[in-house]
Amino acid sequence: MTAPPFSPFDRPNSYIGRSVPRPNARRLLAGRGQFTDDVQFARLTHVAFLRSPHAHARIRGLDLNAAKAAPGVIVIATGADLARLCRPWVGTLTHFAGLKSPPQYPLAIDRVVWRGEPVVAAVAATRALAEDALELVVVDWEELPAVADMETALDPATSVIHPEFGDNKAFSLHLESGAVDQAFAAAHQVIEAEWHFGRHTAVSLEPRTMVAQFDPSEQRLTVFQSTQTPYQMQDVYARHLGLSDAQVRVVAKDVGGSFGMKLHVYGDEMATAALSMMLGRPVKFVADRLESFVSDIHARDHRVKARVAVTADGEITAFAVDDLTGIGPFSAYPRTSAVEGNQVIRLIGGPYRHRHYRADLKVVFQNKNIMSQYRAVGHPIACAVTEAMVDLAAASVGLDPVELRRRNMLTDDMYPYTSPTGFVFERLSHHQCLDRLVGHMDYESLRAEQERLRRHGVFRGIGIAAYIEITNPGPAFYGVGGARISAQDGCILKLEPSGQVRCLVSVTEQGQGTETAMAQVAASVLGIPLDAVRVVTGDTEVTPHGGATWASRGAGIGGETVLRAARALRDNILALAGTILQAHADTLDIRDGLIVDADGGRERMALAELARIAFFRPDTLPPDFQPEMTVARHHVPRGQPFAFTNGIQAAHVEVEIETGFIKLLKHWVVDDCGRVINPQLVDEQIRGGVVQGIGAALFEECIYGADGQMQNGTLADYLVPMAGEMPDIVVDHVSTPTVYSELGAKGVGEAGTAASAAAVLNAVNDALRPLGARVTTIPLTPDRVLAALGKLDA
Amino acid sequence: MKPPSFDYVRPRSLSEALGILAARGDGARLLAGGQSLMPALNMRLLSPELVVDIGGLDDLRGIVERDGLVRIGALTRHVDLQRSAIVVRHVPLLAVAIDHVAHPAIRNRGTIGGSIAFADPAAELPACAVALQARMIVAGMAGTRIVPADEFFLGIYETALGPDEILVALEFDAVGPDQRSAFAELARRRGDYALVGLAAHARVDADRLDEVRLVYFSIGPTPVRARTAEALLTGRPLTRDTVTAAQAALAADLDPPADTQASSAARRQMARVLLARVVMELLDPVPIGAGG
């Protein structure tokens, strides 16, 4: 079988590179979405959780009598009750040597270690009755000292959260490359600064939701769950609840956002599954907004001290950084809470060509909610530190920030390139992206306008942030550390009797358009209309086992998997067509759902007719010919651990220096994610990511008191970015496909988030520079801006 | 986030509603637009035995102007204020302020009476009522009484309303040709409760202000009048120095709280900025509907 005459990317009816509408948009807009909470069950029960009101306390006693007698209550369960059904989990992996975390149980047993930790479960006929019953639970608390401040977590005077570890250090890592001390000693300028990044959280529109249904007759657990990783969760439920994978089915219906928050193991969810096994009935858990704030994983929380060495002509020769990050009382399971800090210190300096690098990472326990992976893990911190330091470096040698970047970014002749932290870049396009960006911005005019307006007391700033993004991770990411998290994906593609194609694929959809992109790849490779492909995702009993959706892997890995499956099915279809038509298969092609002559395009037969023969009249075929109308293929990235992408962003802002308010005027992104499958979906991913990063830059912060209490856990007090404050976001692309896959697509899900906060931070500091002020903490609240300007004392 | 169980009644007349309140008193809460009560119930911050839904009392709706008086029924929704020509013409401060109250979905249900009676210290309408010296028309079993806005707001979520009383309307003097209002607030996001807000009203004669009322909100337990600053701005030609002096005087007038949104010092700074802005606007008003 020879290759088709056109590649799937340039054949006339290819969907690759076209902004086709999402097939699922009509259903969702019509209100016909099926989210987990919409699924109906007979004999359904509802669980609610009593959560710790203290950051750290001993449970001296529990009085459950009144709660057990409350109307509608089916069971009241404690940590000890559920520990008998559910093995504890430990959030460590072997490739993070030295990472510590204690066993974690579904519910606290004798001690709580964060405000919001689930303690008692009430299962009742309705959620309201379950909440009523919880009000009758009496807990005898003995408050213990809380470790809130990560800066003092390692002090000898600070109490130790897990005494068996001897201190509050969860993990540390030192990286050293080149001759760092010599580089600083030889520098013309050494710039030093300290940056602070608040905690924030995902605030997905649909909260964490699940219905666990254990059927005692078959000893099978079915979990409908709003998750991005059904296969991982199938494995987790099986191993921790004493079942085999084969006894567990996880189904992800429509999912209303996840952002990395819906792939961790949560005690309340494990408790829900265990309760279903205890009761032999379906149990529903829906995290309400208040409990989401104190139980969904939090993100970031870093203090980074950074130094950079610069020569007189603006060459950056060395970075040295020290990152301290607080992860709450446990490392999250099963991916750990070490990845965030690890990626911060490995990504810092990523776009630049310095060869001397030193980094120290300390990850500490605290009595706060657990911190773990969230969209763009580590990237925004690394990017903000790098780009803020690069701006300071530019100022120190009197160079324009764009010019300094030009002098220091990796150049096109340097690839493949191994960074000082060991990352390998196949081929990046920093200079092309920078050139496009300054063109879109009309950079020189903006600078002139900035100068003019300053004379009228209007302070505008321009901030640039270059970035690299880790996408399409291979097994080195989790698998090598012992995590049962797949780096491969699978696709089953079937031609059905209708002549239409069903695509069962292991990557999942949370609103970003994965299913659309998969359909585009399948339709293009097969040569059939897009609406002849129906994509099915998210059911471990139906779809092949795979990694699903995280780390910007869906399009790149899932897309390549679908491409390979489609190629195999196409070969089988053409082999059958050749048999029926008594022609050589390689003289035939599939175009617009028809078998045609490859040469000339004359129609030979419809796919529906071919399918009819394959399924209902195989007696008309030669006896030694078996049509194979279903194929399965798997794909794992090989050749490089990650497919790095790159890009650059810019923010234009105006700072009102009397009030500290920041107005976002415009934002630009030039991204290179390789081959773009659907430009509109890619642009939406970038814009959504930019807005999420702007949330971190200006609005979102989980504010904790010294007592470890989160003080703003409502949507009135925790500010998410809203459309009214967002600027227009201009998006453009440079395309450098990876050669490690035929599709050439890299990931794009996190690029927007990776650099937008950095761009805004730099823009605000650019605005403040003539006033001698600098803000070093995000979010950039009015208070912080006013404090930097010295306006809070009067 | 499910409310504890409660009884529910929807009276058909004001007298029936007052009778229910008289009988159930402290255990009852009135439900108007529900924009504050429903979240408070769901968060179990309130657990009344009885919710009295006054949504059926149509007499409590509507905006009328007669003989220089504007009467706004307590159940008049924010969106109705926004669309009212009477409000634009005769109570322009409300017309400006209402655009800053939350979002369309909330303005479609929230009522002026609900906002006034709930007395959130960060809300816009109570401050406007104080600035304009509105009169609160309060009904009880014994009849109707009138409470001046200056005496109505007693503390955080605390008003002069008795447990068996219902706020039925607000009454405003239609503004005269020489009177002007101004409004400004600073909110992180459009529609949020303000970090600091200021409603102002005065008699204007060229570059002089008289009968100045500066009412800050989100800066104390109730709407707060800046009396020292008012006095400094009253009855003399306004210059840069006068405004600066009035700004400095806010130190004595205001004692802002600190919370997760802003420090006390930041609120003081913002209060000074807002003072200058509203004075500018009193002297040189922007037409309603203009600008952003």
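What follows draws every value from the coordinates through simple rules; no lab data is involved. All figures in this text were calculated on a predicted structure; none of them were measured in a lab. Cβ sites come from the backbone with ideal geometry, for glycine too, and all protein chains shown count toward neighbours.
Using a 7 Å offset from Cα along Cα-Cβ at A:Asp619, what residues in segment A:566-583 end up with backbone N under 20 Å from the label point?
A:580-581
Determine the dipole magnitude for chain B: charges of +1 sit on the beta-carbon of Lys and Arg, -1 on that of Asp and Glu, nothing else is charged, the reference point is the Cα centre, and the result goes in debye to the nearest 20.
Here the size comes out at about 680 debye.
How well do other chains shield peptide A:123-134, expressed as the mean number of their Cβ atoms within 10 Å of each residue Cβ?
Mean shielding count: 2.
Could you name the lysines in cross-link range of A:Lys68, using Cα to Cα under 21 Å and dropping any fewer than eight places away on the same chain?
Partners found: A:Lys284, B:Lys2.
Determine ³J(HN,Hα), in whole Hz, for all residues of segment A:300-314 in sequence, where each value follows from phi through the Karplus function 6.51 cos²θ - 1.76 cosθ + 1.60 and θ = phi - 60°; x replaces Gly and Pro.
6, 6, 10, 10, 10, 9, 9, 10, 9, 9, 10, 8, 4, 9, x
Assuming a ≥ b ≥ c are the square roots of the Cα gyration tensor eigenvalues, decide whether segment B:165-285 counts as rounded (a/c under 1.5), prolate (otherwise, with a/b larger than b/c) or oblate.
oblate
How many percent of the alpha carbon pairs in segment A:107-225 exceed a separation of 24 Å?
Tail fraction, whole percent: 63.
Gain in length, A:His431 to A:Asp313, computed as 0.36 nm per residue apart minus the alpha-carbon separation, to one decimal in nm?
40.6 nm
Tally Lys and Arg at +1 and Asp and Glu at -1 over the other residues with C-beta under 10 Å from the C-beta of B:Thr159: what net charge comes out?
So the surrounding residues net to -3.
Rounded to the nearest 0.05, what FRET efficiency do A:Ala97 and A:Asp728 give with R0 = 51 Å and r taken as the Cβ-Cβ distance? Could you check?
It comes to 0.65.
Under 1.5 on a/c is rounded, so check that first for segment A:25-138, then, if it is not, pick prolate when a/b is larger than b/c and oblate when it is not; a ≥ b ≥ c are the square roots of the alpha carbon gyration tensor eigenvalues.
Judged from the Cα gyration tensor, segment A:25-138 comes out oblate (a/c at least 1.5, b/c at or above a/b).
Which net charge results for the neighbourhood of A:Leu569, defined as the other residues with beta-carbon distances under 12 angstrom from its beta-carbon, given Lys and Arg at +1 and Asp and Glu at -1?
Around A:Leu569, the charge tally is +3.
Would you tell me the mean number of C-beta atoms belonging to other protein chains that fall within 10 Å of each C-beta in B:262-275, as a whole number?
Average neighbour count from other chains, rounded to a whole number: 5.
Using modelled amide H (1.01 Å from N, peptide plane; none on Pro or chain starts), what sits under 5 Å from the amide H of A:Gly326, excluding residues fewer than 5 places away?
Hits under the 5 Å cutoff: A:Val364.
Could you please state, rounded to a whole Å, how far the C-alpha centre of segment A:396-467 is from the C-alpha centre of segment A:37-67?
Cα centres, segment A:396-467 to segment A:37-67: 52 Å.
Work out from phi, with θ = phi - 60° and the Karplus expression 6.51 cos²θ - 1.76 cosθ + 1.60, the ³J(HN,Hα) of each residue of segment A:576-582, listed in order in whole Hz, and give x for Gly and Pro.
Result, ordered by residue: 5, 4, x, 5, 5, 8, 6 Hz.
At 7 Å along the Cα-to-beta-carbon direction for both B:Thr260 and A:Gln219, put a label point, then send me their distance in nm to one decimal.
So the label points at B:Thr260 and A:Gln219 sit 4.7 nm apart.
In nanometres, what is the gap between the two model label sites at A:Ser735 and A:Glu176, each 7 Å from Cα along Cα-to-Cβ?
In this crude label model, A:Ser735 to A:Glu176 measures out at 4.6 nm.
Could you name the aspartates and glutamates whose alpha carbon sits less than 14 Å from that of A:Lys100, not counting residues in the same chain fewer than 8 places away?
Answer for A:Lys100, where 14 Å is the Cα cut-off: A:Glu164, A:Asp167, listed by chain and number.
Simple spin-label model, 7 Å along Cα-to-Cβ: B:Glu171 to A:Lys666 in nm?
Calculated label separation equals 5.6 nm.
Dipole magnitude of the protein assembly as shown about its Cα centre, charges +1 at Lys/Arg Cβ and -1 at Asp/Glu Cβ only, in debye to the nearest 20?
It comes to approximately 960 debye.
Residue separation times 0.36 nm, minus the C-alpha to C-alpha distance between A:Thr630 and A:Asp149: what's the value?
Residue separation times 0.36 nm, minus the Cα-Cα distance, leaves 167.4 nm.
What is the magnitude of the charge dipole of segment A:299-368 about its Cα centre, with +1 placed on the Cβ of each Lys and Arg, -1 on the Cβ of each Asp and Glu, and no other charges, expressed in debye to the nearest 20?
The dipole of segment A:299-368 has a size of about 140 debye.
Below 15 angstrom from the Cβ of B:Leu50, what's the summed charge of the other residues (Lys, Arg +1; Asp, Glu -1)?
Local charge sum for B:Leu50: -3.
Scaled to the compact-protein estimate 2.2 N^0.38 Å, what is the alpha-carbon radius of gyration of segment B:7-56, rounded to two decimal places?
Cα-based Rg divided by the globular estimate yields 1.09.
Please work out the Cα convex hull volume for chain B and give it in Å³ per residue.
127 Å³
Rounded to the nearest 0.05, what FRET efficiency do A:Ala125 and A:Asp707 give with R0 = 35 Å and r taken as the Cβ-Cβ distance? Could you check?
0.45
Counting only DSSP beta bridges with both residues in segment B:192-283, tell me the antiparallel percent, nearest 5.
Taking every DSSP beta bridge within segment B:192-283, about 90 percent pair in antiparallel fashion.
Report P(r) for the protein assembly as shown: all Cα-Cα distances, bin width 20 Å, range 0 to the bin holding the largest distance, values in whole percent.
Result, from short to long distances: 12, 36, 36, 15, 2, 0 percent.
So if R0 is 51 Å, what FRET efficiency would A:Val160 and A:Asp288 give, r being the distance between their Cβ atoms, rounded to the nearest 0.05?
0.95
For the peptides B:134-142, A:563-571, what is the packing order when you average, over each peptide's residues, the other Cβ atoms within 10 Å and list the highest mean first?
A:563-571, B:134-142
Per DSSP helix of 4 or more residues, -39500 (n - 2.57); summed, then divided by the residues of chain B. What does that give at 222 nm, rounded to the nearest 500?
Roughly -9000 deg cm²/dmol at 222 nm, from the helical runs in chain B.
With unit charges on the beta carbon (Lys/Arg positive, Asp/Glu negative), name the residue among A:Leu62, A:Ala80, A:Leu29 whose Cα is farthest towards the positive pole of the charge dipole of segment A:1-138.
A:Leu29
Going toward the positive end of the dipole of the protein assembly as shown, with +1 on Lys and Arg Cβ and -1 on Asp and Glu Cβ, which of B:Val196, A:Ser295, B:Ile98 do you reach last?
Going by the charge dipole, the pick is A:Ser295.
Partner chain Cβ atoms within 10 Å, averaged over the residues of A:656-669 - can you pull that number for me?
2
Ordered by packing density, taken as the mean number of other Cβ atoms within 10 Å over each peptide's residues, highest first, how do A:779-785, B:249-255, A:739-745 rank?
Result, highest mean first: A:779-785, A:739-745, B:249-255.
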